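The values are calculated or read from the model by the stated rules, or taken from the named source; none is laboratory data. This one's a predicted model, so the numbers in the text were calculated from it and none came from an experiment. Note that each Cβ is placed from the backbone with ideal geometry, even for glycine, and that neighbours are counted across all protein chains shown. Side chains are part of the model used for accessible areas, which takes the heavy atoms of the whole protein and leaves out ligands, DNA and RNA. Shrake-Rupley method; radii C 1.70, N 1.55, O 1.52, S 1.80 Å.
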Amino acid sequence: MSSVPDLLIGLSCPGCGGTIEVTEGSRLAFCPYCGSALAITADDAGVTRLMYKMEVTETGAESAARKWFGAFPKARDLAATAVITEIFPMYLPFWRMVGTGKGVACGYSTHTDKDGHTQTTYHEDSSDAEYLWSVIACQTGDLGIVTPPKLQGRLLPYTDGDIPVFETTSSRDEAYDQADTDIRMEAHRRAASGIETLTFSKTFCIPREFSLLYYPYWIIRYQYRERDYFVVLDGVSGSPVSGRAPGDQTYQALAAGLGAGFGGLFAGLGIAYTMFSNSEYALAGLSGLVIGLILVLAGYWMFRFGSEVTEGKLTGGISFSMKGFGQKTVREIER
Amino acid sequence: MSQLRCPKCGAPAIAEHGKQYTTCENCGTVIYIDRSSVIFNYIMPFILDEDKARAVFRRWCAGPSLAKDLEREAQITSVEKIYFPVFLFRRVVGGQEKSIIKPAKGTTLPGLQSQVIPPGDITVFDSTVSTRGAEVIQPEISVETYLADLPGTAKEQALLYLPFFVFRYRYQGTDYISVMGGTSGRVHTSGFPGRSAAPYALVVGGGFLLAFIGGILGFITTPIFYVLVFAGAALAMLTGRAVVRTPEGGDNK
Amino acid sequence: MAMMVKSLKCSSCGAPLKAKEADLVLFCTSCGKTMEFLDSDVGEVSPHILAPNREDKDLIYLPFWGIDADVDVTHEDTVGGFLRITKKPMRGTCRFYVCAADLLPRKTAGWNLEFTRSFPKAAEVPDFRRIPHMPALKSSRTAEKDAEFLFLKHEIDLSGTLQELEYTFSVLGHELYYIPFLRRGDDLSPAV
């Protein structure tokens, strides 16, 4: 062998030349033909790169986008008049770690019982589970994708240049450290739940795999009244993850009317009930006031900003989708 | 500077962003690239063309926070396509690799001083890359200006040209500038003609007040006052309709 | 993507190492020595294979790392509890057993604790005798963290509620164990 290590695009066995399947996250591989055990060093950053297979076809993406156009509260003529100007696939990089988080927490909690005595409860707890952590590895600008997808679908080894990708802009080391911290925090949170004052705690993160994953999306740009809007679809499930769409003026006016009407009615009834009712529950009328105020504010919000409808984490318009809401970067793995 | 020659056969080789090795296409030699002392030039190609950028600009003008007639009244005086230079430093700080971004030219344009790299695919900027009519802004700040103050040791430094559209427009006698990312269409601006919230608040507030009084009076006197609730709703709906209506439509007539 | 591939060779006789599935423990077909994969190379390790307590066609060997560590507790504060008769605290040189198979913690945690507290007294046999064995996918180095967690887990399982603990945990070495288990459907139970 020469002094320069064998460098391979894809992987072929140095023993027999056969193509090797990469085991996810592994530094050790086995040739399925000759059985040779092989040490793998991923490129200088030591990152395994994998990609998810695009499952949604271009036609599928277009029909999913058209379905999205028709959904409330977008302009009612959007599905009929929108002109799709561009549909292209794009793979976005995500950092991912699979690892075990373990935590031990000791401490005590105090509470006062009905006789006024302070009771101290001592705790010692531990947690031990396997987690999946993932964050996006690039800036997405106005595409508004910030939360990782479910990371489902078929994995393939990633080869440079085969697919259109957005450049990874965060560094591997920072991501690795973040993963370690996040998994330990989650392990600690579970071990320490219910403990008011901590006296001892210790956490461990035992990584099993760390990789850079490319996840497929369809980016669809369309025009409505000469304005350019877009929607981004998940390339595995086909569901919309972010997008901008024109709102509807009739819905805006309706929101103003219904918000004002119902809001005023509830608030008025609530106030009147509180002040003029003889019932011992008269104060319950205040909840009517609160409901009324919420209704009028919701109506105002939709009326004021309803000329644009957004999906995902984008600013500017109104958004009704709960997508990505409460999604955590660390999730427990169930197998 | 991104021209790389194979040390064995002399054929030009391609250095890819972030990769420590490349393979010579001519003789197959593996070339190790020491990136700590040289500066590679990279470029991020535009994803949007000018027509699409104009349409994105119209969409942005029609946004709910901007003046209602901005989309109709704004006169675009010029649209420039530019490649703005930034330095990308990859440094090893305390055993950790960190990316640091610094502008390579002073500018007052909004968004160009931001310390993030927009989404896109970075490729080597050499003579084969066409800028398609975009003006390539030359760096004025030298890399040494930053090097002295950067933490850690150098792993790689690159000059990166990022794509932007610069929109200059005139609205009601005032000139404005907006900068749009050439890949995602994100609009950066330092000032824009805003839309007053007052008519919206007035419409909903007025309707609410009427319905509120109706609710109170209906409860304590006679139910006939509940009519005021409907009046408030109708008032808000009709005046609201007038507030949001734009001349070019949105109506389904 | 740049990936470098290197054939692994037995550190004892130099023959190329072969295997059929992903396993951090490799058996040299030439000299019969056992190798453990560490980052990018291999090192010799001597496996201890325990004899099962019964004959059964559903027996399977699970790999465990036996981590030797020196535990030095400098400060400890426990609230309540009785005399520590049933379970003894672990001090000084201790051996921790950590399952190296690719199984979820909720499955392996119990065995790790059980074996660490009392390791089964069973005869060692020279080979697997046609009983299949699960591949080891946890390296001995990562098992060191599991060992430290085992120590803490044992501490809080002791009588009384642990409040404060200061200690040092220094790893001395490791050994490889294969322990026979009985497989019933998805369930695994030790067969020693």
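On average, how much accessible surface per residue is there in chain A, in Å², for a 1.4 Å probe, leaving out ligands, DNA and RNA?
With the other protein chains kept in place, chain A gives 42 Å² per residue.
Using a ≥ b ≥ c from the Cα gyration tensor of chain A (square roots of the eigenvalues), is it rounded, prolate or oblate, where a/c under 1.5 gives rounded and otherwise the larger of a/b and b/c decides, a/b for prolate?
Oblate shape, in that a/c is at least 1.5 and b/c is the bigger or equal ratio.
Rolling a 1.4 angstrom probe over the protein chains, ignoring ligands and nucleic acids, what is the accessible area of A:L283 in square angstrom, nearest 10?
120 Å²
List the cysteines of the protein assembly as shown that have no other Cys Cβ closer than 4.7 Å: which are they?
By the Cβ distance rule, which asks for a partner under 4.7 Å, the isolated cysteines are A:C106, A:C138, A:C205, B:C61, C:C94, C:C99.
Over what distance in Å are the Cα centres of the stretch A:241-276 and the stretch A:46-66 separated?
39 Å
Compute the signed sum of charges (Lys and Arg +1, Asp and Glu -1) over the other residues within less than 11 Å, Cβ to Cβ, of C:S40.
Surrounding charge for C:S40 is 0.
What does the charge add up to near A:W133, with Lys and Arg as +1, Asp and Glu as -1, over the other residues with Cβ less than 13 Å from its Cβ?
-2
Two decimals is fine: what is log10 I(q)/I(0) at q = 0.10 Å⁻¹ for the protein assembly as shown, from a Debye sum with one equal scatterer on every Cα and no solvent?
Debye curve over Cα of the protein assembly as shown, log10 I(q)/I(0) at q = 0.10 Å⁻¹: -1.17.
Would you mind working out the accessible area per residue for the stretch B:41-189, using a 1.4 Å probe, and quoting it in Å²?
41 Å²
Regarding the stretch A:217-271, what's the average projected area of the Cα-atom convex hull, expressed in nm²?
Averaged projected area of the stretch A:217-271's Cα convex hull equals 5.8 nm².
Looking at the stretch A:99-113, which residues lose a minimum of 40 Å² of accessible area between their chain alone and all protein chains in place, measuring with a 1.4 Å probe and not counting ligands or nucleic acids?
Hits at the 40 Å² cut-off: A:K102, A:V104.
If I ignore ligands, DNA and RNA and count only protein heavy atoms, how much of B:C24 is accessible to a 1.4 Å probe, in Å² to the nearest 10?
Only protein atoms counted, so the area is about 0 Å².
If you average the C-alpha positions of the stretch C:6-39 and of the stretch C:117-190 separately, how far apart do those two centres end up, in angstrom?
First find each Cα centre; the distance between them is then 23 Å.
Excluding ligands, DNA and RNA, what is the accessible area buried between chains A and C, summed over both sides, using a 1.4 Å probe, to the nearest 100 Å²?
Summed over both sides, the interface buries about 4300 Å².
List nothing, just return the count: lysine pairs in chain C, 8 or more apart or interchain, with Cα separation under 14 Å. Present the calculation step by step, with values, prior to reporting the outcome.
On the way: C:K6/C:K18; C:K9/C:K18; C:K9/C:K33; C:K18/C:K33; C:K87/C:K153; C:K88/C:K153; C:K145/C:K153.
Total qualifying Lys-Lys pairs in chain C comes to 7.
What part of the accessible area of the stretch C:1-157, given as a whole %, is carbon or sulfur when the probe is 1.4 angstrom?
Numbers: 3950 of 7590 Å².
About 52 percent, which is the carbon plus sulfur part of the accessible surface.
Using +1 at the C-beta of Lys and Arg and -1 at the C-beta of Asp and Glu, which of A:F30, A:T19, A:F166 has the Cα lying farthest in the positive direction of the dipole of chain A?
A:F166
At a cut-off of 40 Å², which residues of the stretch A:149-172 become less accessible once all protein chains are present than in their chain alone, using a 1.4 Å probe?
A:D160, A:F166, A:E167, A:T169, A:S171
At 1.4 Å probe size, put A:Y176, A:Y217 in order of accessible surface, largest to smallest.
Result, largest first: A:Y176, A:Y217.
May I ask you to find the residues of the stretch C:131-173 that are shielded by at least 50 Å² of accessible area once the whole protein assembly is considered instead of their isolated chain (probe 1.4 Å)?
C:K145, C:F149, C:L152, C:I156, C:T161, C:Q163
Sum -39500 (n - 2.57) across every DSSP H segment of at least 4 residues in chain B, then divide by the residue count to get the 222 nm mean residue ellipticity, nearest 500.
It comes out at -7500 deg cm²/dmol, rounded to the nearest 500.
I'd like to compare A:185-193, B:169-177: which one has the highest average count of other Cβ atoms within 10 Å, and what's the full order after that?
For the peptides A:185-193, B:169-177, the packing ranking is A:185-193, B:169-177.
Search the structure for amide H atoms under 5 Å from the amide H of C:Y97, placed 1.01 Å from N in the peptide plane, and list their residues when 5 or more places away or on another chain.
Placed amide hydrogens put C:I67, C:T116 under 5 Å from C:Y97.
Please work out how much accessible surface A:T159 shows to a 1.4 Å probe, ignoring ligands, DNA and RNA, in Å² rounded to 10.
Probe radius 1.4 Å; accessible area of A:T159 about 40 Å².
Mind jotting down the distance between the C-alpha centroids of the stretch A:138-155 and the stretch B:156-185, whole Å?
Here the answer is 25 Å between Cα centres.
How do B:I43, A:I291, A:I163 stack up against each other in accessible area, from largest to smallest, with a 1.4 angstrom probe?
From most accessible down to least: A:I291, A:I163, B:I43.
Probe radius 1.4 Å, ligands and nucleic acids left out: which of B:R72, C:R141, A:R49 has the largest accessible area, and how do the rest follow?
These residues rank, largest area first, as C:R141, B:R72, A:R49.
Show me you know the interface measure: the accessible area buried between B and A, both chains summed, probe 1.4 Å, in Å² to the nearest 100.
Chain pair B/A: roughly 5700 Å² of buried accessible area.
Quick check: at a probe of 1.4 Å, how many percent of the accessible area of chain A sits on carbon and sulfur atoms?
Values: 7860 of 14240 Å².
Exposed carbon and sulfur together represent 55 percent of the surface.
Taking 1 over the mean of 1/r across every pair of different Cα atoms in the stretch B:158-224, what Kirkwood radius in Å do you get?
Evaluated on the stretch B:158-224, it is 16.7 Å.
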